[in-house]
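So the structure is just underneath, and the comments pick up after that.
The values are calculated or read from the model by the stated rules, or taken from the named source; none is laboratory data. Owing to the predicted nature of the structure, the values given are computational and were not obtained by experimental measurement. Note that we place each Cβ from the backbone using ideal geometry, even for glycine, and neighbour counts take in every protein chain shown. Accessible surface areas use protein heavy atoms only, side chains included; no ligands, DNA or RNA. Shrake-Rupley method; radii C 1.70, N 1.55, O 1.52, S 1.80 Å.
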Protein chains: 2
Amino acid sequence: MFTAELVADPYPSRCNTEPEILPRLDPVTYSRWHPGAPVSKAQLSTFDRDGFLVLDDVFDAEEVAFMQREAGALLGDPRGLETETVITEPGGREVRSIFAIHRQNQCMARLAADSRLAGVAYFLLDDDVYLHQSRLNYKPGFHGKEFYWHSDFETWHVEDGMPRMRALSISVLLAENTFNNGPLMLIPGSHRSYLSCLGETPEDHYKMSLKRQDYGVPDELSLAELVYEHGIDAPTGKPGSVVIFDCNVMHGSNGNITPLPRSNAFFVYNAVSNRLAHPYGVDKPRPDFIASRQPEPITPVAGRLHGQAPQWP
Amino acid sequence: MFTAELVADPYPSRCNTEPEILPRLDPVTYSRWHPGAPVSKAQLSTFDRDGFLVLDDVFDAEEVAFMQREAGALLGDPRGLETETVITEPGGREVRSIFAIHRQNQCMARLAADSRLAGVAYFLLDDDVYLHQSRLNYKPGFHGKEFYWHSDFETWHVEDGMPRMRALSISVLLAENTFNNGPLMLIPGSHRSYLSCLGETPEDHYKMSLKRQDYGVPDELSLAELVYEHGIDAPTGKPGSVVIFDCNVMHGSNGNITPLPRSNAFFVYNAVSNRLAHPYGVDKPRPDFIASRQPEPITPVAGRLHGQAPQWP
């Protein structure tokens, strides 16, 4: 097992006075492709090269309608949920994210374990996987705020103690991503560079950072270099499509003044062998609903999603 | 001549307690197409139908370089300019717009009169045209702010006293518009609906509205209706391309976290017969550098732009 105390940190951040671009020391894809793998050979090499992969129409119309009903009920009336898991828009009361949805909603628990998600994560990471984090995201129309560029791994490493890059995120689109409604933007290929950020992390930083990122923010020069080299991709997609992205790919999103809201269910799968150690940059790790310290392996579940519509109050 | 005092306002706004969608009472294109016209028949009907038209590669690489040098010099060192014409980013010092550039810079004066712009305006409006407004816009990378949906005509009518819809804007791209750097978004076809807005206009509103729009803001339901009916277009284009848009087409732009800034030179041509009257919703009209009350007809100038690079201090 990796022990933080015995090895120099391979991914230092928020401890230097100058930003730095460091090389990735870990693989991106941990499996070799084989017949029967849950992604095609071309998809595997796209993920390896770009650090993300879009799969269209993974869930059919009926499954999408089911997920949308469940998500709508959670976002519209979050009163039954654990208070701390419900994050509102800065300066507003509209719900922006709900964390730990797999623990609070049956549909989301089933979705997290779906073989079309967990099975792919298992294959790409070549290990048992567990949910490091889950959430439902909602970016309202008209006044949706931007989310600045970041590598998830940087935060998970510094604030949560994730040792190495052996994790990935899967976003299940519940509303259409168009070019114009502030879709996820990614810098393809950026997952091979680790941007070591400036500054120290204040205590309980997560309470603000879920709304607005002030620490763990890459510097503009490094970002410009990455974009100059790799460009920017903003995959569009219909509800039921899926975006799989590496833990270290640089991503963000613009604000959204269109009437079209964005919404997705978001799951972070981490390899069990890569479970959290002591955080690399703070004393107190973030709470469990943001970064799970219980690496319970998921058993992928095959078959379609189905369920009763929730009873509206 | 149209006299505001004798006729009921055909385009009331900011005087009702309920928002309203009113029909456009004026033509969009005032000329019939004929051989030798400065746009093709198809372009004319596109403009009439959508309320905007994109013309690629209007200016060649050398002309673009010349305009970019001039624009860069103005934005980078605005000290020689009239102070009130220089608008900074909200809460920042970075220059966001410079108004009345045709009065303050030879290259911009020549550009405003260029037959590829003024000649097209003359044709589409079928009248002598003059510059209602000119400006240089710069939306920085990384932290560019959004600009919410609006019809320019609504403001020009209420705050400046522009009687009817017989004006258009031409934006000359000085940086590339991509899908991701907060490009101009337009609702095609929205120019045929006039969204009467709520609220009264405070005194000297323009001082804030150039940075952030709080009045003359269309309501969300009307906007959603327009988008549902017509969709959203966000034309991309390289420097030297031109976007021509009707005075009443609904438009706005998202923020921009990409490293790619946006910049354009922006000219509003109004028909001389449509010169400003008394404002329809305020007592004191906005100052001349924002809304000219001197309808001096422009004589279109043929030929390429050329000039010396400015001397940097």
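Given the conditions (1) polar (S, T, N, Q); (2) closer than 27 Å to B:Thr155 by Cβ; (3) over 16 Å from the mean Cα position of the chain (by Cα), report the number of the one that B:Thr258 does not fulfil.
Among (1) polar (S, T, N, Q); (2) closer than 27 Å to B:Thr155 by Cβ; (3) over 16 Å from the mean Cα position of the chain (by Cα), B:Thr258 violates only (2).
Can you tell me which of B:Asp233, B:Asp283, B:Asp246 is among the charged types (D, E, K, R) and closer than 30 Å to A:Trp149 by Cβ?
Every option except B:Asp233 fails the conditions.
Search region A:248-264 for residues being more than 7 Å from every other protein chain (Cβ to nearest Cβ) and out of contact with any His (no Cβ under 8 Å at 6 or more places or on another chain), and hand back the single one that is surrounded by the fewest Cβ atoms within 10 Å (Cβ to Cβ).
Once the filter is applied, the top-ranked residue is A:Pro261.
For region B:149-175, name all the residues that are in a strand (DSSP E or B) and either away from chain A (no Cβ under 14 Å) or at pLDDT below 95 (or both).
Matches in region B:149-175: B:Ala167, B:Leu168, B:Ser169, B:Ile170, B:Ser171, B:Val172, B:Leu173.
Condition test on A:Arg275, is it within 14 Å of chain B (Cβ to nearest Cβ) and basic (Lys, Arg)?
Against the criterion (within 14 Å of chain B (Cβ to nearest Cβ) and basic (Lys, Arg)), A:Arg275 does not qualify.
Give the residues of region B:176-199 that are on the phi < 0 side of the Ramachandran plot, in a loop (DSSP other than H, G, I, E, B), of a type outside the set (D, E, K, R) and within 14 Å of another protein chain (Cβ to nearest Cβ), sorted by residue number.
Across region B:176-199, the qualifying residues are B:Thr178, B:Phe179, B:Asn180, B:Asn181, B:Pro183, B:Ile187, B:Pro188.
Any idea which residue in region A:233-247 is most open to solvent (accessible area, probe 1.4 Å), counting only those that are in contact with a helix residue (DSSP H, G or I) (Cβ under 9 Å, 6 or more places away or on another chain) and not charged (D, E, K, R)?
Only one residue tops the list, namely A:Pro239.
Can you find a residue in region B:58-71 that is in contact with a helix residue (DSSP H, G or I) (Cβ under 7 Å, 6 or more places away or on another chain), open to solvent by less than 60 Å² (accessible area, probe 1.4 Å) and over 29 Å from B:Ala175 (Cβ atoms)?
No, that holds for no residue.
Among the candidates B:Pro295, B:Pro313, single out the residue that is modelled with pLDDT under 95, of a type outside the set (D, E, K, R) and in a loop (DSSP other than H, G, I, E, B).
Selected residue: B:Pro313, the only one of B:Pro295, B:Pro313 that is modelled with pLDDT under 95, of a type outside the set (D, E, K, R) and in a loop (DSSP other than H, G, I, E, B).
Out of the residues in region B:227-238 that are over 19 Å from the mean Cα position of the chain (by Cα) and within 9 Å of chain A (Cβ to nearest Cβ), state the one that is farthest from B:Tyr11 (Cα to Cα). Spell out how you get there, then give the answer.
Step one: of region B:227-238, the residues over 19 Å from the mean Cα position of the chain (by Cα) are B:227-231.
Right, trim to within 9 Å of chain A (Cβ to nearest Cβ) and you get B:227-228.
Working: B:Val227: 21, B:Tyr228: 23 Å.
The selected residue is B:Tyr228.
Please find, within region B:210-226, the residue that is modelled with the lowest pLDDT out of those that are crowded, with 23+ Cβ neighbours inside 10 Å and more than 10 Å from every other protein chain (Cβ to nearest Cβ).
Here the residue is B:Gly216.
Within region A:40-57, how many residues turn out to be closer than 19 Å to A:Arg304 by Cβ, surrounded by 15 or more Cβ atoms within 10 Å (Cβ to Cβ) and over 17 Å from the mean Cα position of the chain (by Cα)?
0
Quick one: is B:Tyr148 within 24 Å of B:Tyr280 (Cβ to Cβ) and open to solvent by 20 Å² or more (accessible area, probe 1.4 Å)?
Against the criterion (within 24 Å of B:Tyr280 (Cβ to Cβ) and open to solvent by 20 Å² or more (accessible area, probe 1.4 Å)), B:Tyr148 qualifies.
Identify, please: which residue in region B:153-180 is open to solvent by 20 Å² or more (accessible area, probe 1.4 Å) and either closer than 15 Å to B:Asn270 by Cα or acidic (Asp, Glu) (or both) and is, among those, nearest to the chain's Cα centre (by Cα)?
Among residues in region B:153-180 that are open to solvent by 20 Å² or more (accessible area, probe 1.4 Å) and either closer than 15 Å to B:Asn270 by Cα or acidic (Asp, Glu) (or both), the one nearest to the chain's Cα centre (by Cα) is B:Arg166.
Looking only at region A:40-84, how many residues end up being of a type in the set (D, E, K, R) and part of a helix (DSSP H, G or I)?
Qualifying residue count for the region: 10.
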